[in-house]
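Structure first, commentary second.
The values are calculated or read from the model by the stated rules, or taken from the named source; none is laboratory data. Fair warning: this is a prediction, and the values are worked out from it, not measured in the lab. Glycine also receives a Cβ, built like all others from the backbone with ideal geometry; neighbour counts cover every protein chain displayed. Surface accessibility is based on the protein's heavy atoms, side chains included, excluding ligands, DNA and RNA. Shrake-Rupley method; radii C 1.70, N 1.55, O 1.52, S 1.80 Å.
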Amino acid sequence: MEDKIDIKSLTLSELTQFLEDMGQKKFRAKQLYSWMHEHLIEDFDQATNLPKSLIEELKEKCRLTALVVRQEQISKIDDTRKYLFELYDRNMIESVLMRYHHGNSVCISSQVGCRMGCKFCASTLDGCVRNLTASEMLDQIYRIQKMTGERVDNVVIMGSGEPMDNYDNVIRFIKLLNSEEGLNISQRNITVSTCGLVEKIKELADEKLQITLAISLHAPNDELRASMMPIANKYSIDEIMEAVRYYIDVTTRRVSFEYSLVDGVNDSDDCVKQLAKLLTGLNCHINLIPVNPVRERQFVRPDMKKVYSFKNKLEKYGLNVTIRREMGSDIDGACGQLRKKYMDE
Ligand code: SAH
């Protein structure tokens, strides 16, 4: 199974080369690419304008990634939809569709599990099984678009996994997603969230993409951060800030900082002060997320009064702050919870 070519992860020029090597004319690549990335086929047989002989050859040599929905949870509150998908090797991943006034947003997973070990996160409880290929990231969006019949406008790589730990596949995914011959989702509508792998942030800057970078900060000093996120033992906040400044310089994009508020842990006035010192003057935006309780962990969210007060205090420093609107709170909300529940059962 493994030696088959993952044909949906190929760029149009790679696909052209591949088909030419099979003795095919150039235009066949455009046709096949459009079937896969515009018409979102899940089976080569659906490519009805390709010769039968070519289809047979493709079936023999290639794997056409097509995720299978194993579960769909629909929120009664806001119509958020959470999907559990099965991969070709029977691994499971989850994705979320959120409906906003400004369009449909899909949150995708980038790995099966995660190895970063953040203390409040359900995705990392059983470690990382493997990276997702570009086609497996794309197909989360393709399947959702196909099932709902609605266009996906925004993509956030904020599901299970650390995207910068699967760098090459993530970059390939973004380029395919953004390609004119595919769904053509604008780079500005794509967000990559990372716990802060410093070298990779700089490498990402050098790709000169117009995507949004989000940094999972969650604490304003190294000591507190390390108590929540093991990655803080490897990279200091100073190193992250240097990489972020480089990212802003090179791309001129505004960066987001995610800050999951945990009651009595990172919501003190002292934290406000330190955070303000760190971020004032930077072209950035802070997204406060009242922590989502995870069954296996004892983190508690502050009450909303405290959350608003934290926001107000930051705003007094002139910072740009929003509170993440909670979506789908009646379905397994936090990253990795649906998959974890399924695997445990
Ligand atoms: N690995 C990447 C992306 C996945 S997590 C990263 O670390 O950014 C997406 C965001 O949700 C991160 O900011 C993560 O820290 C946060 N998160 C994970 N579990 C959470 C929970 N239980 N409550 C609130 N935020 C959580």
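For the range 5-137, which whole percent of the accessible surface, found with a 1.4 angstrom probe, sits on carbon and sulfur atoms? The C+S portion of the solvent-accessible surface of the range 5-137 is 50 percent. Of the residues 227, 10, 189, the one whose Cα sits farthest towards the positive end of the charge dipole of the chain is 189 (charges of +1 on Lys and Arg Cβ, -1 on Asp and Glu Cβ, taken about the Cα centre). Selection among 62, 169, 155 by position relative to the dipole of the range 57-206 gives 155 as farthest towards the positive end (Cβ unit charges, Cα centre).
Based on DSSP H segments of at least four residues, each scored -39500 (n - 2.57), the chain has a per-residue ellipticity at 222 nm of -10500 deg cm²/dmol. Using θ = phi - 60° in the Karplus curve 6.51 cos²θ - 1.76 cosθ + 1.60, the 3J(HN,Hα) couplings for the range 144-161 round to 5, 4, 5, 5, 8, x, 10, 6, 8, 9, 10, 10, 10, 8, 9, x, 5, x Hz; x is entered for Gly and Pro. Note that the range 21-36 has calculated 3J(HN,Hα) couplings of 5, 8, x, 9, 6, 3, 5, 5, 5, 4, 4, 5, 4, 5, 4, 6 Hz, one per residue in order, obtained from phi through the Karplus relation 6.51 cos²θ - 1.76 cosθ + 1.60 (θ = phi - 60°); glycine and proline are x. Using 0.36 nm per residue and subtracting the Cα-Cα separation, the extra length available between residue 76 and residue 227 on full extension is 50.8 nm. Rolling a 1.4 angstrom probe over the range 160-221 with all protein chains present gives an accessible area of which 37% lies on carbon and sulfur atoms. When its C-alpha radius of gyration is set against 2.2 N^0.38 Å (N residues), the range 1-53 gives a value of 1.08. With all protein chains in place and ligands, DNA and RNA left out, the 1.4 Å accessible area ranks 253, 172 as 172, 253, largest first. For residue 199, the solvent-accessible surface with a 1.4 Å probe is about 110 Å², rounded to the nearest 10. A simple rule links phi to the HN-Hα coupling: the Karplus curve 6.51 cos²θ - 1.76 cosθ + 1.60 with θ = phi - 60°, which for the range 303-319 gives 5, 4, 4, 5, 5, 5, 5, 4, 4, 4, 5, 5, 5, 4, 7, x, 7 Hz, with x for Gly and Pro.
Is the C-alpha gyration tensor of the range 187-226 telling us rounded, prolate or oblate? Criteria: a/c under 1.5 is rounded; beyond that, a/b larger than b/c is prolate, otherwise oblate. Judged from the Cα gyration tensor, the range 187-226 comes out oblate (a/c at least 1.5, b/c at or above a/b). Amide H to amide H, with H built 1.01 Å from N, residue 65 comes under 5 Å of 7, 8, counting only residues 5 or more places away or on other chains.
Listed cross-link partners 202/340; 76/340; 119/200; 61/340; 59/175; 8/82 are compared with a 28 Å cut-off, the Cα-Cα value being larger for 202/340; 61/340. Here the chain is treated with +1 on each Lys and Arg Cβ and -1 on each Asp and Glu Cβ, and its dipole about the Cα centre works out to around 780 debye. Surface calculation, 1.4 Å probe, protein heavy atoms: residue 284 sits at approximately 10 Å² accessible. Tell me which residues come under 5 Å, amide H to amide H, from residue 267 once H is placed; ignore anything under 5 positions away on its chain. Long-range HN contacts for residue 267: 262. Does the range 29-184 come out rounded, prolate or oblate, given a ≥ b ≥ c as the square roots of the eigenvalues of its C-alpha gyration tensor, rounded meaning a/c under 1.5 and, failing that, prolate meaning a/b above b/c? Cα axes put the range 29-184 in the prolate bin. Annotation: per residue accessible area for the chain equals 44 Å², rounded to a whole number [probe 1.4 Å, protein chains only]. Accessible surface for residue 323 stands near 40 Å², nearest 10, in the context of the full protein assembly shown (1.4 Å probe). Grab the other residues whose beta carbon is less than 11 angstrom from that of residue 342, score K and R as +1, D and E as -1, and report the net. Cβ neighbours under 11 Å give a net charge of -1. When only the Cβ of Lys, Arg, Asp and Glu is charged (+1, +1, -1, -1), the dipole of the range 5-63 relative to its Cα centre reaches about 200 debye. Each pair of Cα atoms in the range 67-121 enters the Kirkwood radius, and Stokes-Einstein at 37 °C and 0.692 mPa s then converts it into a translational diffusion coefficient of 259 µm²/s. If you take all other residues with their beta carbon under 12 Å from the beta carbon of residue 229, and give Lys and Arg +1 and Asp and Glu -1, the sum is -1. Overall size of the chain from C-alpha positions, given as principal axis extents largest first: 69, 45, 37 Å.
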